[in-house]
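Worksheet: the structure to be examined is printed underneath.
The values are calculated or read from the model by the stated rules, or taken from the named source; none is laboratory data. This one's a predicted model, so the numbers in the text were calculated from it and none came from an experiment. Neighbour counts are summed over all protein chains in view; Cβ atoms, including those assigned to glycine, are modelled from backbone coordinates with ideal geometry.
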Amino acid sequence: MAIPVKSLKAQKHQFANPAFQLDVLQHASTEEGEFPFFGTRLDEHGLFPLRPTGATILQVNVGKMCNQTCRHCHVDAGPDRKEIMTRETMQLCLDALAQYPQLTTVDLTGGAPEMNPDFRWFVERLSALGRQIIVRCNLTIILANKKYHDLPLFFKEHQVQVVSSLPYFSASRTDAQRGDGVFEKSIKALQLLNEVGYGQEGSGLQLDLVYNPSGAFLPAGQKSLEAEFKRRLQTGYGVVFNNLFCITNLPVSRYLDYLIESGNYSRYMEKLVNAFNPVAAANVMCRNTISVGWDGFLYDCDFNQMLELKVQTGAPQHIRDFHLGRLDQRAIMLNQHCYGCTAGAGSSCGGETT
Amino acid sequence: MENTYYNPADLKKFGNISELQPEMGRKFFDYYGEVFKEGALTEREKALIALAVSHAVQCPYCIDAYTSDCLEKGADENQMMEAVHVAAAIKGGAALVHGVQMMNKIKELTM
């Protein structure tokens, strides 16, 4: 299936509308009927309403602009997306972080976060605050334009933890998800990161890869897949990395569109629902993370952000009103896509949760 | 009754076979689970073997289940097709090796 070059939003596609997506999610069913509400499953295990365990991670989505239009992207990111976090909003994030040292980690995502014109300004200030910085780098951005070629050195200078998507160790499956030629460019970018020390033993420069299935199936066995990825990337391309994070694709935006279009939607939802794991449910990342949108609004996670499900009414809604104590009292907003984070060994931006 | 012998929806009812003989059903599924755990072989290798055997025994339920399982376990398309060729080679070889029996019989019966 060819990857469309335009975002769903630019296509004026119905799945660009979060309300439509939520309607589809709420009415997922099989021959036996609709699936139980996610909150009901949590309730059976004493986890409803779902409360934070105390935020330690501020995940900041600095914009939806990206040089790729991946088939599974829950952000519907792409070159035609213009939503970008301003320096003023970044400053509000810095103010919140300065006020709350318990937010030890800042996780920068997008789009391709590096395409935000104030990305480096932001990273330099985060670095000065002494926080652990994660950048979710799509790899190809490093080669996309001369101005990005020095990103590996910039990351190194600020001890950034680089977390990069590589859905498979072969071109066919990677390109089917992320676009023609992406595998080859990703390998080249990984080699450049390795050259400055990333992923090398003893360097202290952490390079982690993200595996998410290129299709309508779940990831399995993070440890076993990591060993296979390490073997294939080392022997095939001389690439080394630290950890592989297995992430389940959540039925949101383009991945939801893919599931419907390919006739896999009900079967995939059934898989997620049947694989509900209460241990994974207790460890979901929204319990220790607060997500900030490009316009400064606050969410429980990046998926809720894309579905426009802001944090519970009554809790601070915008980064300018950030108050960790009040946010930690909120109930987390749930919907049927949440089954994606509780299936099997669980899924989070850091991989398995059990 | 169904109009076809195989209904894809029956795969997820596999566990129901325990209804008529719970003890044997339980023993079978315990054994089944144990077999597919990581041991001297990885779970991925076992899934590939299961995929090959599924083709050899021509079980559509098993082919469905172990194609998904191989993908989930990180096997690639080349490995999966090679596994099917192993099954085909054994099936074909099993037919052909009987050609020796045929040749023996020819010798026995002809001048």
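Only one residue in A:Arg287, A:Arg326 is under 18 Å from the mean Cα position of the chain (by Cα), of a type in the set (Lys, Arg) and over 26 Å from A:Ser29 (Cα atoms), so which one is that?
Answer to the selection: A:Arg287.
Here A:Asn264 clears all of (1) of a type outside the set (Val, Ile, Thr); (2) more than 29 Å from A:His149 (Cα to Cα); (3) within 14 Å of chain B (Cβ to nearest Cβ); (4) crowded, with 18+ Cβ neighbours inside 10 Å except the condition numbered (4).
Of the residues making up segment B:29-57, those that are of a type in the set (Gly, Ala, Ser) and not in a helix (DSSP H, G or I) are B:Gly39, B:Ala40. Screening B:Gly74, B:Gly39 for residues that are surrounded by 11 or more Cβ atoms within 10 Å (Cβ to Cβ), within 14 Å of chain A (Cβ to nearest Cβ), closer than 26 Å to A:Glu270 by Cβ and of a type in the set (Gly, Ala, Ser) leaves exactly one candidate, B:Gly74. In segment A:230-243, is there at least one residue being closer than 27 Å to A:Ala281 by Cα and not in a helix (DSSP H, G or I)? The answer is yes; a qualifying residue exists. The number of residues in segment A:178-205 that are surrounded by fewer than 22 Cβ atoms within 10 Å (Cβ to Cβ) and in contact with a Pro (Cβ under 8 Å, 6 or more places away or on another chain) comes to 3.
Surrounded by 11 or more Cβ atoms within 10 Å (Cβ to Cβ), part of a helix (DSSP H, G or I), within 14 Å of another protein chain (Cβ to nearest Cβ) and touching a helix residue (DSSP H, G or I) at 6+ places or on another chain (Cβ under 6 Å): is that true of B:Tyr61 in this structure?
Considered against the rule, which asks whether it is surrounded by 11 or more Cβ atoms within 10 Å (Cβ to Cβ), part of a helix (DSSP H, G or I), within 14 Å of another protein chain (Cβ to nearest Cβ) and touching a helix residue (DSSP H, G or I) at 6+ places or on another chain (Cβ under 6 Å), B:Tyr61 comes out as no.
Listed conditions (1) part of a loop (DSSP other than H, G, I, E, B); (2) touching a residue at least 24 places away in the same chain (Cβ under 8 Å); (3) small (Gly, Ala, Ser) are all met by A:Gly46, apart from (2). Being assigned to a helix (DSSP H, G or I) and touching a residue at least 24 places away in the same chain (Cβ under 8 Å) is a condition met by no residue of segment A:101-112.
For every residue, the table says whether it meets (1) outside any loop (DSSP other than H, G, I, E, B); (2) away from chain B (no Cβ under 14 Å); (3) under 19 Å from the mean Cα position of the chain (by Cα).
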site: A:Arg136; (1), (2), (3): yes, yes, yes
site: A:Phe154; (1), (2), (3): yes, yes, no
site: A:Phe169; (1), (2), (3): no, no, no
site: A:Asp180; (1), (2), (3): no, yes, no
site: A:Leu192; (1), (2), (3): yes, yes, no
site: A:Gly199; (1), (2), (3): no, yes, no
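Put simply, of A:Asp208, A:Asp175 the only residue that is acidic (Asp, Glu), more than 14 Å from every other protein chain (Cβ to nearest Cβ) and crowded, with 16+ Cβ neighbours inside 10 Å is A:Asp208.
From the list A:Leu233, A:Leu225, A:Leu256, A:Leu272, the lone residue that is within 12 Å of chain B (Cβ to nearest Cβ) and aliphatic (A, V, I, L, M) is A:Leu225.
Considering only residues in segment A:20-72 that are over 30 Å from A:Gln329 (Cα atoms) and small (Gly, Ala, Ser), the one that is surrounded by the fewest Cβ atoms within 10 Å (Cβ to Cβ) turns out to be A:Gly33. So is B:Ala52 surrounded by 13 or more Cβ atoms within 10 Å (Cβ to Cβ) and under 20 Å from A:Arg173 (Cα atoms) or not? Against the criterion (surrounded by 13 or more Cβ atoms within 10 Å (Cβ to Cβ) and under 20 Å from A:Arg173 (Cα atoms)), B:Ala52 does not qualify.
For segment A:124-131, the count of residues that are part of a loop (DSSP other than H, G, I, E, B) and surrounded by 22 or more Cβ atoms within 10 Å (Cβ to Cβ) is zero.
Go through the residues of segment B:81-99 one by one and say whether even a single one is aliphatic (A, V, I, L, M), surrounded by 13 or more Cβ atoms within 10 Å (Cβ to Cβ), without any contact (Cβ under 8 Å) to a residue 24 or more places away in the chain and under 25 Å from A:Ser214 (Cα atoms). The answer is no, given that none of the residues of segment B:81-99 is aliphatic (A, V, I, L, M), surrounded by 13 or more Cβ atoms within 10 Å (Cβ to Cβ), without any contact (Cβ under 8 Å) to a residue 24 or more places away in the chain and under 25 Å from A:Ser214 (Cα atoms).
Out of A:Ala345, A:Ala280, A:Ala331, I need the residue that is surrounded by fewer than 23 Cβ atoms within 10 Å (Cβ to Cβ), in contact with a helix residue (DSSP H, G or I) (Cβ under 9 Å, 6 or more places away or on another chain) and in a loop (DSSP other than H, G, I, E, B). Which one?
A:Ala345
Annotation for segment A:241-252: at least one member residue is within 18 Å of the chain's Cα centre (by Cα), buried (at least 20 other Cβ atoms within 10 Å of the Cβ) and over 16 Å from A:Pro167 (Cβ atoms).
Based on what the data block shows, is B:Ala94 within 14 Å of chain A (Cβ to nearest Cβ), among the small types (Gly, Ala, Ser) and assigned to a helix (DSSP H, G or I)? Against the criterion (within 14 Å of chain A (Cβ to nearest Cβ), among the small types (Gly, Ala, Ser) and assigned to a helix (DSSP H, G or I)), B:Ala94 does not qualify.
For segment B:20-36, the candidate set comprises residues that are within 15 Å of the chain's Cα centre (by Cα) and among the aromatic types (Phe, Trp, Tyr); within that set, the residue that is nearest to the other protein chains (Cβ to nearest Cβ) is B:Phe36.
So if I check each of A:Asn242, A:Asn212, which one is of a type outside the set (Asp, Glu) and modelled with pLDDT of 95 or more? Going through A:Asn242, A:Asn212 in turn, just one is of a type outside the set (Asp, Glu) and modelled with pLDDT of 95 or more: A:Asn242.
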